[in-house]
1. Specify which of the listed residues (Ile203, Ile243, Ile189, Ile229) is at pLDDT 95 or above, closer than 24 Å to Val86 by Cα and part of a strand (DSSP E or B).
2. Of the numbered conditions (1) open to solvent by 20 Å² or more (accessible area, probe 1.4 Å); (2) of a type outside the set (D, E, K, R); (3) more than 18 Å from Gly325 (Cα to Cα), Pro94 fails exactly one; give the number of that condition.
3. Somewhere in region 140-162, is a residue more than 24 Å from Thr122 (Cβ to Cβ), at pLDDT below 95, surrounded by fewer than 18 Cβ atoms within 10 Å (Cβ to Cβ) and hydroxyl-bearing (Ser, Thr, Tyr)?
4. Please work out if Gly215 is of a type outside the set (D, E, K, R) and within 22 Å of His84 (Cα to Cα).
5. Going through region 247-278 one residue at a time, which ones are outside any loop (DSSP other than H, G, I, E, B), more than 19 Å from Gly215 (Cα to Cα) and open to solvent by 50 Å² or more (accessible area, probe 1.4 Å)?
6. Within region 24-51, track down each residue that is assigned to a loop (DSSP other than H, G, I, E, B) and over 19 Å from the mean Cα position of the chain (by Cα).
7. Determine whether region 73-91 contains at least one residue that is at pLDDT below 95, farther than 24 Å from Ser115 by Cα, open to solvent by 10 Å² or more (accessible area, probe 1.4 Å) and not acidic (Asp, Glu).
8. I'm trying to understand the selection: among the residues of region 21-37, which are open to solvent by less than 20 Å² (accessible area, probe 1.4 Å) and modelled with pLDDT under 95?
Amino acid sequence: MDSINLKDSAFLRACRCEPVEWTPVWFMRQAGRSLPEYRALRKEGSILDAIKKPDVSTEITLQPIRRYGVDAAILFSDIVVPVHAVGCGVEIEPGIGPVAADPFRSSDDLKRLRSLNPEVDTPYVLETIKGCIQELQVPLIGFAGAPWTVATYMVAGRGTTDQAPAHSLKNENPELFDNLINLLVEGTIEYLSHQINAGAEVIKIFDSWAGSLKGNDFDKYALEPCKKIISALKSKYPQTPIIAFPRQAGDRYIDFAKQTGADCLALDDSVSADWIAQNVQADGCVQGNLASSHMVSGGKELIKETKKIVKALSNGPHIFNLGHGITPVSYTHLRAHETREDRGVRGGGG
C-alpha cells in the first residue's frame, strides 16, 4: 500500500477524529506473546534477545497482522529497552519481567543515566521499524514507557503490586526523584523522535502504573511528563498521532487528552464504555476497552461485551482494543475472520 492510501487508513483517520467506515481494531501486546508462531520463533531466553535481532523482531511484529488482519501493527519491543541500552542494569527475566540488580536509590545512580542516543544505543529498534514499514500495509505504532512507570522498575528493581519503592523515594528525596523523571522525559522524547524518523506512523505512551498516583502526584508525575513529551514531539512532528495510556487513572482520564495534547486516549476496563462516552470521548478519539479476561473465556459473553463497547462508543472516534495487554493463552479464542462484518467490531462509526 502506498503512503497516500496508508494515511487514509481507518486507524489513522480515527486517530485524527475523521469519519471511518468501521471501528478499527488492534490489540495491546498483539506482537507476540499469545501466538504459537511467536513462541516457536522466540523459544527460550530474555525478550531482549529477540528485540536486539531486527529480523526476529520484525517477523514478530508482522505475525499478528498476518493472522488476524488487524488495522495497525505495534512494534515488538519493551518499555525498558532505552534504560537497558544506556547501561542502567535493567534486564528482563523470563517469567518475572524487568529487574535491576542495582536499583536506582541515590544521586550516584544519576551518573548511570547517560543521555540516550538511539542511533548508537538502540539501532536494532530503528532497523526493526524500517523493516516493518517495508512489509506492512497498515500503520505501525511505535511506543515508549512513560517516565513514572519506567522509574518504578528502576527504583524497585522489579515489578511491584503498589509501586511502594518509587513512592517512598519521591516522598523522601523529591529532588533526586524529579531529576530522574526529567532525565527520563528527555530520553523518551529522543527515543520516540527517532522512531518517527525511522517510519513509525503513530506513537503510544504507556503509563502502566499511573493509577497508583493520586492528587498532585498524578499531575506532577503522570500528566506533566506526558504533556512535555507530547509537546516536544508535536513541535517536530505535528501530523503524527499520539496515543496516551495512563492506566487505571479513573476520574483523571477526564480532560487528560485535552491537557496533554494527546490525539487519542486509551482506557483500561476499570471504567465502562458508557462512562467513557459521557466523560472522555468528547475530547477526541478513545481506545479500548474490553477486559482481557474475555479473550480467555471467549464465547457469547465475549461477543456481548464487544458489541456493547462498540455500540456505546459509536457516536465518536473509537479504536477497539483491550483494557490491558492480551494474555499468553488468549490466542485460543482469537480467530482470523473472512470479512469485516464477521469481526463483530466493525459496525461502529467514528
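The values are calculated or read from the model by the stated rules, or taken from the named source; none is laboratory data. Small disclaimer: the values here were computed from a predicted structure and weren't measured. Cβ placement follows ideal geometry from the backbone for every residue including glycine, while neighbour counts extend to all protein chains displayed. These accessible areas exclude ligands, DNA and RNA; they are computed on the full protein's heavy atoms, side chains included. Shrake-Rupley method; radii C 1.70, N 1.55, O 1.52, S 1.80 Å.
1. Just one listed residue meets the conditions, Ile203.
2. (3)
3. yes
4. The answer is no for Gly215.
5. Answer for region 247-278, where residues must be outside any loop (DSSP other than H, G, I, E, B), more than 19 Å from Gly215 (Cα to Cα) and open to solvent by 50 Å² or more (accessible area, probe 1.4 Å): Asp274, Trp275, Gln278.
6. Listed by number, the residues that qualify are Lys43, Glu44, Gly45, Ser46.
7. The answer is no; no qualifying residue exists.
8. Met28, Gln30, Ala31, Gly32, Ser34, Leu35
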